[in-house]
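Scroll down for the structure; my scribbles are underneath it.
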Amino acid sequence: MIDRMRPIRRLRRGVIILPSAFTLLNLFFGFYAIVAATRGEFEWAGWFIVWAAVTDLLDGRVARFTRTGSKFGEELDSLVDAISFGVAPAFIMYTLYFSEDWNWVLPFLYVMAVVVRLARFNMEQEGEAKRHFHGLPSPTPGIILATFYPFSQTAFFDTYLADMLPWPRVMGILLILLGALMLSNIPYAIVPKLNFRSGKGILFSLWLFANVLVAIRFPEYFFFPMFLAYTAWGLFGSVIHGLLERLPERDPLAHSFDDADVEVRPVDYGDLTPGEYRRPAAPTYPDDMESGT
């Protein structure tokens with residue numbers, strides 16, 4: 001009986017290690033992105049951040065599928081995300097645009113926002129799955145910053161966008177904006193699970209597969225615009241939702257000001273019966289008025 005239980009225990013230990021293995025692979029990709037940036041290989045650095053995001057997505061799915069989620073795994077995932085989506089993208093931006101004078105403060109503020117965002121996420125999550133993120137999730141700005149360089153090397157960017165804006169200044173503003181969105185309470189949608197049981201689920205699954213194919217075929221055109229659009233969609237959607245909530249319930253122009261001074265009084269017909277008519281009582285006068293004096 002004891003010999004039969006040993007393989008089960010070993011399998012259980014192996015299953016518990018599996019999500020942490022994906023998390024450590026995430027750490028490897030994030031760290032190697034820094035190494036690639038020091039060598040001037042900024043395009044490879046961007047793709048390593050994308051692979052880090054893929055493994056970050058898989059470790060949570062594997063933990064839920066095998067039911068091996070733990071507090072240790074949550075803390076390890078947050079520490080790794082701080083490097084892969086905080087330090088590594090900030091270092092890429094620092095090396096490209098902010099290595100002079102005090103410009104390094106902008107990447108530092110971004111890293112600080114990522115760390116605070118991850119700490120708040122651990123407190124809010126408490127081991128439960130959420131329907132949406134409170135604030136921009138840290139992998140999204142990490143991918144945006146890391147894949148900007150591959151996008152800037154495309155023919156489309158060189159033809160139409162290269163001379164349109166001062167891109168170092170734009171990236172500095174983007175660093176601050178992404179940090180603020182991570183610390184905000186703006187709800188951002190979580191990628192739903194694949195579902196082939198309903199028409200809506202099938203359409204979404206096909207749309208998701210189409211995005212994966214485009215990302216594999218044209219990665220330099222896909223990641224930066226797509227994740228930037230996801231960020232803007234959540235921001236504008238929250239603004240529109242807030243404006244709709246502030247609209248009055250009724251049209252103020254349709255209100256009649258003449259009705260404001262009208263007092264509505266209830267009428268009591270309880271003393272009258274159907275078909276009954278009462279003659280009003282004759283007025284009474286004093287004696288002197290009757291005599292005419």
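Compared with the alpha-carbon gap, the fully stretched path from ALA119 to PHE196 is longer by 24.2 nm at 0.36 nm per residue. Extension gain, ASP158 to LEU57: 0.36 nm times the residue separation minus the Cα-Cα distance gives 33.1 nm. Only Cα pairs under 8 Å and 6+ residues apart enter the sum, and on that basis the relative contact order of the stretch 2-190 stands at 25 percent. The stretch between SER99 and ILE240, if pulled fully straight at 0.36 nm per residue, gains 46.9 nm over its current Cα-Cα span. Translational diffusion of the stretch 178-244 was estimated from the Stokes-Einstein equation, with Rh taken as the Kirkwood radius over Cα pairs; at 10 °C and 1.306 mPa s the coefficient is 114 µm²/s.
Only Cα sites of the stretch 2-190 enter the Debye sum here, all with the same form factor; the resulting log10 I(q)/I(0) across q = 0.10, 0.14, 0.18 1/Å is -0.45, -0.80, -1.18, listed in q order. Here the label points at LEU24 and LEU206, each 7 Å from Cα along the C-beta direction, are separated by 4.3 nm in the simple model.
Coordinate-derived values only; no laboratory data. Every value quoted in this text rests on a predicted model; they were computed, and no experiment measured them. Methodologically, a virtual Cβ is constructed for each residue, glycine included, from the backbone with ideal geometry; neighbour enumeration extends over all protein chains shown.
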